[in-house]
Amino acid sequence: MPNGKPGDHPYTDIVIHNWEVFGEEIDGLVRELHHMPGFALFREKIAALLFENKPKWSENADLDLVKRRLCEIKSELKKKVDMSADDNDAE
């Protein structure tokens, strides 16, 4: 069971231990998402995506899929933040 130690889970390796796991572009996206408002809504989804596709663990790792899904999540998060800001402006 993952407990946050180095090498335990790709999400914590990227965000907590600052390791390169998927490469600069994907790891950078994960770090950027981690600091976005509303991230907690997607944390488990992102962690599962990374775990299922970690190159050293999965022979079927699809890095294009990982990047595409992370970009979709980023877009969705931005929309939620924008909608929230619009709601606050209306008050």
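Values quoted throughout were computed directly from the atomic coordinates according to the rules given, and no laboratory measurement underlies them. Only a predicted model underlies this, so the values are computations on that prediction, with no experimental measurement involved. Cβ placement follows ideal geometry from the backbone for every residue including glycine, while neighbour counts extend to all protein chains displayed.
If you compute log10 I(q)/I(0) by the Debye sum over Cα atoms at q = 0.15 Å⁻¹ for the structure shown, which of (i) -0.86; (ii) -0.57; (iii) -0.65 do you land on? So the structure-derived entry is (ii).
Run the helix sum for the chain: -39,500 (n - 2.57) per DSSP H stretch of 4+ residues, divided by residue count, reported at 222 nm to the nearest 500 deg cm²/dmol.
Details: 4 runs with 55 residues, N = 91.
Calculated from helices alone, the mean residue ellipticity at 222 nm is -19500 deg cm²/dmol.
Beyond a 26 Å Cα-Cα separation, which of these cross-linked pairs lie in this structure: LYS5/LYS67; LYS54/LYS80; LYS5/LYS54; LYS56/LYS80; LYS45/LYS79?
On the way: LYS5/LYS67 24 Å; LYS54/LYS80 28 Å; LYS5/LYS54 16 Å; LYS56/LYS80 34 Å; LYS45/LYS79 17 Å.
Pairs exceeding the cut-off: LYS54/LYS80; LYS56/LYS80.
Around the Cα centre of the chain, unit charges on the Cβ atoms of Lys, Arg, Asp and Glu (plus for the first two, minus for the last two) sum to a dipole of about 260 debye.
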